[in-house]
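The values are calculated or read from the model by the stated rules, or taken from the named source; none is laboratory data. All values derive from a computational prediction rather than experimental measurement. Glycine also receives a Cβ, built like all others from the backbone with ideal geometry; neighbour counts cover every protein chain displayed.
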Amino acid sequence: MSFFILVIVLLTLPRALSAQEEVKLHSSGSTSVNSLIYRLAQDNGFYRDEGLNVLAITATSQAGMQGLIAGSFDFSAIFGVGTTAILRGAPLKSVMVFDTRPLFWLYGGKKIKTLQDLKGGKIIAVSSLGANTDQITRDVLLANRIDPRREVVIQGIGPGSVRLQALFGGSVDATILNPLESLIAKRQGFNELLFYGDYDLSIASGGVIAREKMLTEKREFVRRFLRATLRAFHWVRANEKPAVTKMAEFFKISSDDAFGIYRASLKSYTADGTIPRGLQQRIIDAQRESLKLEKDIPPEKVFDFAIVNSLNEELKKRGS
C-alpha cells in the first residue's frame, strides 16, 4: 500500500509544482527591511498557499518601471519611483504601503564629520534621480540650510551595495544607506550625518505598485499576491522573536543588531498596509513640487487600497 501511495505522490508532485503561477516582482536587489517582507512571504509558505511562486528580479528603478508598464513585471517593490511614474502619467497604481517614515541614514566619508562639511560641491549618492532617496535627501538638506542644487552635487548611482562601495572607494563623499548598510559603514569608521526618520517627511519608501490593467483584468491574481504579502507584513509586526531571528539570518548580522533594526522598523511601518487620505495627498504634493508639476492630482489617481482594505477585513475574520 505504501508503495502505491509513494507512486501517486511522485506522479502528482510535478503537476502540483507546475500548478504554481509565476509572479515576476521588480526589485532593487538591495537587502532592505522591506525586501524581507517578500522573502518571509515566500519562506513562510504564504505565496505557496495562494498557488504562487514569486521571482524577485533585480532591475534599475527606471528599467523596472518600463518593464512593469510593458508587462514584463507583474508588480514592483520600488515605491518611490513607482509613484513618480504615476504622477507623470504611467498607468499604474500604488496598492499597498509598508512604511511612512524613511528607515535610512546619511553617512559621510571619514573626512566628512558633519552635514555642513558637504557644502562646497561635495558628491552625495542616491539610488537614482527622482527616486525617494533623492527626494528625501533634498528635503533634509534644505531642513539643514544646505541648498541641494547649488551647494552639493547629488548623483544617482544605483542600489545600496553600489553606493556603499562608492563611499568606501572615495568616489562619493556621502550616501544614503539602509539599516544593514549603515551598520557596515559605521563599523568601517564612516560618519553618521543624520537619520532620515528624525524628520517629518511626506514619504513612503516600500510597498507594491501594479498596472491598472492588471487590477481590472487579473484582479483575483492581484488579490492572491497581496493576501500573501499582507500576511507576511502582519506576521512581522506580531512576531518579534521569530522576526528578529529571520532578520538576523537574512542580513547575516547579530541578534542584537537585528533587534535594533526590527524596533526601528516597527516605528516606520503602517498599521495595515494602507495610509490615510491626508498623507496620500501630502506625498503627492511633495512629489509634484519636486517634479515641478502644476496640475492638481487627487489621491485616487495614485493610490488604490480597495483590495488591501478588503483583505484586512478577511484576515481579521480568519484570525491570521
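Pull up region 30-51, narrow it to residues that are over 13 Å from Phe233 (Cα atoms) and modelled with pLDDT of 95 or more, then point me to the one that is surrounded by the most Cβ atoms within 10 Å (Cβ to Cβ). The residue in question is Glu50.
Among the residues in region 191-211, are any crowded, with 21+ Cβ neighbours inside 10 Å, over 24 Å from Gln116 (Cα atoms) and over 15 Å from the mean Cα position of the chain (by Cα)? Among the residues of region 191-211, at least one is crowded, with 21+ Cβ neighbours inside 10 Å, over 24 Å from Gln116 (Cα atoms) and over 15 Å from the mean Cα position of the chain (by Cα), which makes the answer yes. For the residues Phe233, Phe259, Phe221, Phe251, the requirement of being under 20 Å from the mean Cα position of the chain (by Cα) and over 23 Å from Lys186 (Cβ atoms) singles out Phe233. Of the candidates Phe75, Phe46, Phe79, Phe98, the single residue that is over 11 Å from Val208 (Cα atoms), of a type in the set (Phe, Trp, Tyr) and in contact (Cβ under 8 Å) with a residue 12 or more places away in the chain is Phe46.
So which residues in region 247-260 are modelled with pLDDT under 90 and under 20 Å from Gly197 (Cα atoms)? Passing the criteria: only Gly260.
Residues of region 169-184 that are surrounded by 15 or more Cβ atoms within 10 Å (Cβ to Cβ) and part of a helix (DSSP H, G or I): Pro179, Leu180, Glu181, Ser182, Leu183, Ile184. When Leu226, Leu164 are screened for being part of a helix (DSSP H, G or I) and assigned by TED's automatic domain parsing to the domain that holds Leu142, only Leu164 passes. The C-beta contact set for region 305-320 (first residue assigned to a loop (DSSP other than H, G, I, E, B), second residue of a type in the set (S, T, N, Q), distance under 7 angstrom, 6+ apart or interchain) comprises Phe305/Thr274.
Which residue is farthest from Phe195 (Cα to Cα), if the candidates are limited to region 142-161 and must be part of a helix (DSSP H, G or I) and in contact (Cβ under 8 Å) with a residue 12 or more places away in the chain?
Ser161
Which residue is farthest from Leu141 (Cα to Cα), if the candidates are limited to region 185-211 and must be part of a helix (DSSP H, G or I) and in contact with a helix residue (DSSP H, G or I) (Cβ under 8 Å, 6 or more places away or on another chain)? Residue satisfying both the conditions and the ranking: Ala185.
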